[in-house]
Amino acid sequence: MADNTAKKDRKNQEKKKKTLGLSTKIFIALLLGAVCGVLIHYFMPAGYVRDTVITNGILYVLGNGFIRLMQMLVVPLVFCSLVCGSMAIGDTKTLGKVGIKTILFYLCTTALAICLALGVASLINPGVGMSIAAAEGTSEVATTSINFADTMLNMIPKNIFNSLASGDMLPVIVFAVFVGIMLAQLGNKASTVSNFFSQFNDIMMEMTMAIMKVAPIGVFCLIAKTFAGIGFDAFVPMLKYMGSVMLALALQCFVVYQLLLFGFTRLNPFKFIKKFFPVMAFAFSTSTSNATIPLSIDTLHKKMGVSKQISSFTIPLGATVNMDGTSIMQGVAVIFIAQAYGIALTPSAIMTVILTATIASIGTAGVPSVGLVTLSMVLSSVGLPTEGIALIMGIDRILDMLRTAVNITGDAVCTTVVAKQQGMMDKDVFNAMESKATE
Ligand code: ASP
């Protein structure tokens, strides 16, 4: 008898070992996608089958279908989870404390990220030797101006349904937190509405997990399409610029964040990275922080023990205003463009870059390529030619993927730190090796 049970246990364990976890599947999909994309680019003749059927047909539909499935959840999920989060925190004092800590953390890490980017770029000098003459007259690149006063004012929704419909996150966040506080104050009198929000929130979380089951297919298609489109040719002349951005991103993600995490919480950074990897891979393949919100909240809760009361507030806020990876790209791009056009930057210009790139990070929406648009604001602030953006446009797709992964990692580190300090984190869940959560 005992022998039989032991045999069964061993068989079960072997079976478990054989079924790959979601993180592993996503990682394999990433690699396979890149290899297939490169093979398609170099070895398949251009024409109807390659371009219309495979790249812009199957890969495009499956990849973007996956992004849409996640995007579909963002507005209802952010709204409900914020209402539930602020309702659960209840008293406005704690909410205020969490809010101030989070915003300070976000601003400081962004400023740090820009300084790191400026430092790395000044060492590597990516634009030296390009010597391009600044074109006289108007630039071809669309410029944008983000006014600080307007950014603040736009946080208050004029019409919440308009903001919900257009997915305008900041006003949605403000309104949802307000509703949550009121529900907490009303207590039992509004229990039907409170129950509705928490049950709807659970439904959204379940949907997130259901959609994540097809993540490896979505990730494979997105990566394969990207590489099938660009191959390696576009990268070669830009290697120094790309290398500088990548190095600064890696330092921010694996050194700065992990030191902060360890310094503030004493949690194991390696465990953090391992458990958070599927979220990073998701952000990498989709290039959108917004669509990552549901998965990020879920992973932090189920794999790291972070209370949803904290993450449901800090993650949507971070995905909207905290873009450290984007600031890094902008910092390196400023040095690159200044060097390429032979324009020297004074120390006061550098200070202006740090300030405007921090504001640009707040104004950058968590969707693909917006960082490139807000870069024009940073360039204009120090008189650099905005047409310089054209130089880096061709290879921005791949950097967008990387910086989005860093953007959302910054939000997660901040969330973990704040949750730990507020005593709203279950260390045992964080330390557990395996979790049923997303596996
Ligand atoms: N794609 C980035 C994000 O969603 C924004 C950007 O830098 O373009 O976080």
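The values are calculated or read from the model by the stated rules, or taken from the named source; none is laboratory data. Remember, predicted model here, so these are calculated numbers, not experimental data. Backbone-built Cβ (ideal geometry, glycine too); neighbour counts: all protein chains shown. For accessibility, only protein heavy atoms count, side chains too; no ligands or nucleic acids. Shrake-Rupley method; radii C 1.70, N 1.55, O 1.52, S 1.80 Å.
Before moving on, here are some points about what is shown:
- In loop segments of segment 206-257 as defined by DSSP, the chymotrypsin sites (Phe, Trp or Tyr not before Pro) with at most 14 further C-beta atoms inside 10 Å of their C-beta are Phe232.
- For segment 303-439, the relative contact order works out to 46 percent when only alpha carbon pairs closer than 8 Å and six or more residues apart are counted.
- Range in the chain, longest, excluding exposed trypsin sites (Lys or Arg not before Pro) [loop by DSSP; at most 16 other beta-carbon atoms within 10 Å]: 267-435
- Surface share of carbon and sulfur [accessible, 1.4 angstrom probe, percent] for the chain: 66
- An oblate overall shape is assigned to the chain, the ratio a/c of its alpha-carbon gyration tensor axes (a ≥ b ≥ c) being 1.5 or greater and a/b not exceeding b/c.
- Shape summary of segment 172-328, radius of gyration then Dmax from alpha carbon positions: 19.0, 65 Å.
- Mean Kyte hydropathy of -0.5 or more with a Cα span along the axis of at least 27 Å, helices from DSSP in the chain: 22-43, 60-89, 92-124, 191-212, 396-421
- Considering segment 144-235, its Cα convex hull presents a mean projected area of 10.4 nm².
- The chain, dipole about Cα centre (Lys/Arg Cβ +1, Asp/Glu Cβ -1), debye to the nearest 20: 1680
- Entries of Lys97/Lys303; Lys97/Lys308; Lys303/Lys427 with Cα pairs more than 18 Å apart: Lys97/Lys303
- Relative contact order of the chain, defined on C-alpha pairs under 8 angstrom at six or more residues apart (%): 30
- Distant-in-sequence amide contacts of Val306, defined by a placed amide H-H separation under 5 Å and a gap of 5 or more residues or a different chain, comprise His301, Asp426.
- Accessible surface for the chain, divided over its residues, is 46 Å² per residue with a 1.4 Å probe.
- Mean projection of the Cα convex hull over all viewing directions, computed for segment 300-439: 9.9 nm².
- Peptides 103-112, 192-201 ordered by average Cβ neighbours within 10 Å, highest first: 103-112, 192-201
- Residue-averaged [θ]222 nm for the chain, counting only DSSP H segments that reach four residues, each worth -39500 (n - 2.57): -24500 deg cm²/dmol
- Other residues whose C-beta falls under 14 angstrom from the C-beta of Ile337 contribute a net charge of -1, scoring Lys and Arg +1 and Asp and Glu -1.
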